[in-house]
1. Identify, by number, the condition in (1) within 24 Å of residue 12 (Cβ to Cβ); (2) surrounded by 21 or more Cβ atoms within 10 Å (Cβ to Cβ) that residue 180 doesn't meet.
2. I'm trying to understand the selection: among the residues of the stretch 302-345, which are part of a helix (DSSP H, G or I), under 15 Å from residue 257 (Cβ atoms) and open to solvent by 10 Å² or more (accessible area, probe 1.4 Å)?
3. Taking into account only those residues within the stretch 14-29 that are in contact (Cβ under 8 Å) with a residue 12 or more places away in the chain and more than 17 Å from residue 219 (Cα to Cα), which is surrounded by the most Cβ atoms within 10 Å (Cβ to Cβ)?
4. Every residue in the stretch 73-94 that is over 19 Å from residue 21 (Cβ atoms) and open to solvent by less than 20 Å² (accessible area, probe 1.4 Å), please.
5. Within the stretch 111-123, can you find the residues that are part of a helix (DSSP H, G or I) and either surrounded by fewer than 23 Cβ atoms within 10 Å (Cβ to Cβ) or in contact with a Leu (Cβ under 8 Å, 6 or more places away or on another chain) (or both)?
6. Out of the residues in the stretch 49-65 that are assigned to a helix (DSSP H, G or I), over 13 Å from residue 77 (Cβ atoms) and out of contact with any strand residue (DSSP E or B) (no Cβ under 8 Å at 6 or more places or on another chain), state the one that is least open to solvent (accessible area, probe 1.4 Å).
7. In the stretch 127-137, what count of residues is obtained for those that are open to solvent by 70 Å² or more (accessible area, probe 1.4 Å) and out of contact with any Asp or Glu (no Cβ under 8 Å at 6 or more places or on another chain)?
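The values are calculated or read from the model by the stated rules, or taken from the named source; none is laboratory data. No experiment lies behind these values; they were computed from the predicted model shown. Counting neighbours? That spans all protein chains shown, and the Cβs are built from the backbone with ideal geometry, glycine included. What goes into the accessible areas is simple: the full protein's heavy atoms, side chains included, and nothing from ligands, DNA or RNA. Shrake-Rupley method; radii C 1.70, N 1.55, O 1.52, S 1.80 Å.
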Amino acid sequence: MTRQINVGGVLIGGGAPVSIQSMTNTPTHDVEATLSQIRALAAAGCDIVRVAVPDMQAAKAIGALKAGSPVPLVADIHFDYRLALEAAEQGIDKIRINPGNIGSPDRVEAVAGRCRERHIPIRVGVNGGSLEKELLDKYGGPTPEAMVESALGHIKLLERYGFEDICVSLKTSCVPTTMRAYQLMAERYDYPLHLGVTEAGTRELGELKAAAGIGGLLSLGVGDTLRVSLTADPVEEIVAARKLLKAIGLRREGPELISCPTCGRTQIDLIPMARRVEELLKNVDKPITVAVMGCVVNGPGEASHADVGLAGGKGEGVLFKRGQIVAKVPEDQLVPGLMRLIEEL
């Protein structure tokens with residue numbers, strides 16, 4: 001089990017639930033626009049929001065953003081240690097920085113000291129596209145081993161000044177490389193891990209990479225918080241992340257739909273029926289499992305763990321509840337009957 005950090009009241013690591021993160025894409029100094037996006041992300045289910053801090057104007061806006069934000073905020077900072085100091089003064093909940101690229105040791109010491117005084121965790125964010133040249137030369141590219149060594153170098157800089165309130169990320173756009181880097185890190189160190197596959201692409205491709213990379217790691221017990229990076233509205237990242245956590249059983253929010261893939265035994269138009277049920281379930285908030293099955297073979301038996309479900313026949317079908325058939329109805333009454341069962345639960 002990893003050690004635990006506290007990000008503005010949201011616990012990461014140490015057995016805490018896996019938290020969902022995203023990042024705003026508005027100019028951070030535009031407080032009104034940025035707060036609007038933060039609130040939309042929070043409403044969608046985001047636990048922690050990161051904001052870019054490219055200059056002092058953005059850093060000085062953090063106080064106003066904190067005052068209006070319903071969730072903890074992270075400052076994303078590169079190179080300029082003064083931005084980290086100002087973000088801390090403004091009350092930021094966490095800082096994402098690479099200590100190795102902010103200059104001389106006294107600057108690292110200043111940031112570590114300020115964050116320690118204010119109990120602000122630091123995320124060491126290693127990215128395969130910006131590894132140190134000496135590591136690229138040593139390993140012949142952004143290998144998992146190179147990324148872990150980079151992370152260790154940044155961690156040692158902070159530890160030198162007595163700072164251990166650290167979270168680590170090791171992201172590339174390559175799923176196997178990313179997964180191996182996180183696995184190596186988890187085997188050797190107990191710092192909590194922020195999972196992600198960076199530059200993953202548009203929604204469809206990005207969701208697939210996240211499912212493979214992030215989902216695969218979480219299924220192996222690796223990872224404490226995550227961001228699904230998409231070239232899309234940031235709210236879409238939250239939708240994808242919640243689906244991912246639900247699919248691997250780490251969150252139980254609202255209904256879960258299971259449905260069979262259809263085969264030659266199917267005698268009803270199951271595909272549009274499943275889609276209709278999926279759409280109707282968007283208005284249901286009960287933590288239940290709903291089954292839409294194509295025949296009696298895949299009906300109450302194989303879906304006996306479902307709270308309610310339907311199974312098709314020829315022109316008719318059955319409704320079942322926890323594996324027991326409760327009614328036989330015409331095909332056009334299967335979905336309405338299923339929804340009535342859900343209402344009764």
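1. The single condition residue 180 does not satisfy is (2).
2. Across the stretch 302-345, the qualifying residues are 339, 341.
3. Looking at the filtered set, the residue picked out is 22.
4. Passing the criteria: 83, 88.
5. 111, 112, 113, 114, 116, 117
6. Per the criteria, the residue is 63.
7. 4
Conditions tested, residue by residue: (1) open to solvent by less than 60 Å² (accessible area, probe 1.4 Å); (2) within 14 Å of residue 96 (Cα to Cα); (3) part of a helix (DSSP H, G or I); (4) of a type outside the set (Lys, Arg).
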site	(1), (2), (3), (4)
167	yes, yes, no, yes
187	no, no, yes, yes
190	no, no, no, yes
194	yes, yes, no, yes
205	no, no, yes, yes
